[in-house]
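The values are calculated or read from the model by the stated rules, or taken from the named source; none is laboratory data. As the structure is a prediction and not an experimental result, all values here were calculated from the model. Note that each Cβ is placed from the backbone with ideal geometry, even for glycine, and that neighbours are counted across all protein chains shown.
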Amino acid sequence: MESAETNNVKDFYERLLKNLKGVIIGKDEVLDLVVITLLSQGHLLIDDVPGVGKTMLAKSLAKSLGCSFNRIQFTPDMLPSDVTGVSIYNQNSRDFEFRAGPIITQIVLADEINRATPKTQSALLESMEERQVTVDGITHQIPQPFMVLATQNPIEYEGTFPLPEAQLDRFLMRIRIGYPTFFNEIEILELQQLKHPIENIKTVISSTEIIDMQNAIKHVYVSSAVKRYIVELTRATRDHNDVYLGASPRGSLGLFRVSQAKAASVGRDFVLPDDVKGLAKFVLGHRMVINPSARLKNLTADQIIGEVLLQVSVPGGDFRGN
């Protein structure tokens, strides 16, 4: 079943995906997850080894959208005010003036976020959840749409600070890009022989259109059976023997929203259990704290989510609305 709204979302999704594919080669699933995160009004954590295109992916998305963009290069000596902004005394007006930090924009690239101290990382909490920053007791709104794309290198532990659970929970999804295939890597060499393809990327989506599409996906129908399935999956992570702390209710809300976005991206106006299953590890995996004994067995969050998906029964029936 298709509706005018979901057809508009599908067209939006395909235009943006086609634009991103001109720069990011052979990573269709990754690009699909990026666009779904944008449609779901979420933030994205890109967690992978250096040199696979994390920063380039964020920059390509920013250039494709008609939005303001700032890049924050996180370092150990960075202060919270370097992110949120600071009030400076103006001698002429004899008053304090707020100088906005780089977080007050629409698309933010938080590069190597785990190089900053926990105090500086916490400066992002309010902005990511409430779309505002508070400096010296005064609240400043962040323009909409707003999205944080953060990158971190998991293998570089020296000089890095692991993201706390509260910070990880603010990210709707965590993805990994991975190395390209043999032939994709050859294609990358050929495309970048004379200049980088990001120089040719055009703006194909306006900020107003993004907001319209984000509102449109909220009308995608989710049956009571699928809602129960989402909550059962989230609760199963809390009861797993190898998990110290399971996914929060924010995880259930995130899985609910991305499932709506996934359905709309293919022109469907109702959610299927397969939409939920396909996105569960990206939404729930980083929200779990694994037991030390499980870590010794090299058990990963993705493996635990795989077990949970096998344990929880998939609902059947008709999932379309009336």
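Descriptive notes on the structure:
- Residues located in the range 298-312, provided they are touching a residue at least 40 places away in the same chain (Cβ under 8 Å), over 16 Å from residue 248 (Cβ atoms) and not acidic (Asp, Glu): 299, 309, 311, 312
- Selection over the range 202-242 of residues that are acidic (Asp, Glu) and in the same structural domain as residue 256 (by TED's automatic domain parsing) gives a count of 3.
- Lone qualifier among 201, 138, 188 - being loosely packed, with under 13 Cβ neighbours inside 10 Å and over 21 Å from the mean Cα position of the chain (by Cα): 138
- Condition broken by residue 236, with the remaining ones in (1) over 30 Å from residue 9 (Cα atoms); (2) without any contact (Cβ under 8 Å) to a residue 60 or more places away in the chain satisfied: (2)
- Within the range 232-251, considering residues that are buried (at least 20 other Cβ atoms within 10 Å of the Cβ) and among the polar types (S, T, N, Q), the one nearest to residue 130 (Cα to Cα): 234
- Qualifying residue in the range 1-14 (condition: small (Gly, Ala, Ser), surrounded by 15 or more Cβ atoms within 10 Å (Cβ to Cβ) and more than 18 Å from residue 218 (Cα to Cα)): no
- From the list 133, 108, the one residue that fits, being in contact with an Asp or Glu (Cβ under 7 Å, 6 or more places away or on another chain) and of a type in the set (A, V, I, L, M), is 133.
- Some residue of the range 150-164 being part of a helix (DSSP H, G or I) and free of Cβ contacts under 8 Å to residues at least 60 places away in the same chain: no
- Matching helices (runs of 4 or more DSSP H) fully within the range 237-322 where at least 2 residues are basic (Lys, Arg): 249-265, 273-284
- Within the range 122-133, being part of a helix (DSSP H, G or I) and farther than 18 Å from residue 42 by Cβ holds for one residue alone: 123.
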